[in-house]
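Have a look at the structure below, then the notes.
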Amino acid sequence: MIRWFVRGVTKRRLTTKYPRHPEHAPPAFRGRAVLAGAAASSHAQADCMQACLPNALSRGPRGGLRLDATRCIACGLCVEACNDGSVVIDSGYELAARSRARLISGDQAPEADVFAERLGGAFRRSLHIRHVDTGSDGAIEQEITALLNPYYDMQRLGLFFTASPRHADVLLVTGPVTAPMEQPLRRTYEAMPEPRVVVAAGTDACSGSIWNEPEVRGGVDRVLAVDVYIPGDPPSPIALLHGLLLAAGRVQEVAPPSAPATQVSETAR
Ligand code: SF4
């Protein structure tokens, strides 16, 4: 607290300069798991996959590991389980993407940006956001609340929360969609004017994560078409800012570090 006070008095300005300048993650910040591409033996792969409780790791069509970033909670258990450097945790925070497939396979963005064409620059100046919690554990709500503090100060970027869906451009959904929240979510979406954008924030909203009960529908895209996915459990405030600015068409997707193709050699099998 004292440190913040001294910093405020001496530097006068505390607010992050993101997105004009990159935000440096604190030491040991766990942003996401990344495939580092080392050739893993089938045993190491099996250990890796077994350690992953949300089933974010699977075997890809070419025999290498495949990572579904929309299910990953960055727990780091796979790093120890693989023990061959095939998965690493890095501090990347610009994780949002406009397609779930890109977060699973790391595909490149399509050349024609249909999303930007649909919006036609409508949200470049300001964005009004209606947040709906469809069954979250509350962790991501704390990160969303942090967007309003003096450090992240999302209003400086023209981003505002609104209580009414009729004034909203963006539907920000958190949590897996639970059965009692399915209809309220649909009604909120239908009440919004066009053009409207749906943002799924957090692992639960992106994929349904570990929830596999009849009362949980799964990720938001089981109910509504999702325009932007922000993975993370929970995503940091900067990750949320990046996703919201991506929804506004004001920043670009940032591809994760590309891994060399992972192929299990026959001798390793
Ligand atoms: S960090 Fe955790 S959730 Fe992500 S792939 Fe590794 S074990 Fe799975």
For segment 114-250, what size does the Cα cloud have along each of its three principal axes, sorted from largest down, in whole Å? 41, 31, 27
Rounded to 10°, Cα long-axis angle of helix 42-51 versus longest principal axis of the chain: 40 degrees
Using 7 Å Cα-to-Cβ label points, what is the Gln142/Arg186 separation (nm, one decimal)? 3.4 nm
Suppose accessible area is computed on protein heavy atoms with a 1.4 Å probe; arrange Val88, Val173 from highest to lowest. Val88, Val173
Can you give the calculated 222 nm mean residue ellipticity of the chain, where each DSSP H run of n ≥ 4 adds -39,500 (n - 2.57) and the sum is split over every residue, rounded to the nearest 500 deg cm²/dmol? -7500 deg cm²/dmol
If Ile89, Ile210 are ordered by their accessible area, calculated over protein heavy atoms with a 1.4 Å probe, which sequence runs from highest to lowest? Ile210, Ile89
Would you mind checking which residues have amide H under 5 Å from Gly218's amide H? H placed 1.01 Å from N; only 5 or more apart, or other chain. Val177
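Over the chain, what relative contact order in percent results from Cα pairs under 8 Å that are six or more residues apart? Numbers along the way, then the final one.
Working: 545 pairs, mean separation 68.8, N = 269.
Relative contact order of the chain: 26 percent.
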With every protein chain in place, what's the accessible area of Val170 (1.4 Å probe, Å², nearest 10)? 0 Å²
For segment 160-172, Karplus-derived ³J(HN,Hα) couplings (6.51, -1.76, 1.60; θ = phi - 60°; whole Hz; x for glycine and proline) come out as 9, 8, 10, 7, 9, x, 6, 9, 9, 9, 10, 9, 9
Helix 237-247 versus the longest principal axis of the chain: what is the Cα-based angle in degrees, 0 to 90, to the nearest 10? 80 degrees
Between 0 and 90 degrees, rounded to the nearest ten: what's the tilt of helix 2-11 against the longest Cα principal axis of the chain? 60 degrees
Can you compute 3J(HN,Hα) from phi for each residue in segment 199-204, using the Karplus curve 6.51 cos²θ - 1.76 cosθ + 1.60 with θ = phi - 60°, rounded to whole Hz and x for Gly and Pro? 10, 9, 10, x, 4, 4
Heavy atoms of Met192 accessible to a 1.4 Å probe, total area in Å² rounded to 10: 10 Å²
Potential lengthening between Val6 and Asp153 on full extension [0.36 nm per residue; Cα-Cα distance subtracted]: 51.0 nm
Taking θ = phi - 60°, what integer Hz values does the Karplus form 6.51 cos²θ - 1.76 cosθ + 1.60 yield along segment 85-99, in sequence order, with x for Gly and Pro? x, 6, 10, 10, 9, 10, 9, x, 10, 8, 9, 5, 9, 8, 9
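Protein chains only, probe 1.4 Å: how do His128, His21, His43 rank by accessible area, largest first? Each step should come with its number before you reach the end.
On the way: His128 60, His21 90, His43 130 Å².
Final ranking, largest accessible area leading: His43, His21, His128.
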Relative contact order for segment 114-250: what is it in percent, counting Cα pairs under 8 Å that are at least 6 residues apart? 28 percent
Heavy atoms of the protein only, probe of 1.4 Å, neighbouring chains included. What is the accessible area of Glu194 in Å², nearest 10? 130 Å²
What distance in nm lies between label points placed 7 Å from Cα along the C-beta direction at Glu194 and Ala225? 1.0 nm
Here, Glu215 and Cys75, labelled 7 Å along Cα→Cβ, have an inter-label distance in nm of 2.2 nm
Segment 134-235, accessible area per residue, ligands and nucleic acids excluded (1.4 Å, Å²): 42 Å²
Here the gain from full extension of Ala28 to Ala122, 0.36 nm per residue of separation minus their alpha-carbon distance, amounts to 30.0 nm
Counting only protein heavy atoms and using a 1.4 Å probe, what share of the accessible area of the chain belongs to carbon plus sulfur, as a whole percent? 52 percent
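The values are calculated or read from the model by the stated rules, or taken from the named source; none is laboratory data. Computed from a predicted structure; not experimentally measured. Note: ideal-geometry Cβ built from the backbone for every residue, glycine included; neighbour counts use all protein chains shown. The protein model used for the area step is the full one, side chains on, heavy atoms only, and it has no ligands, DNA or RNA in it. Shrake-Rupley method; radii C 1.70, N 1.55, O 1.52, S 1.80 Å.
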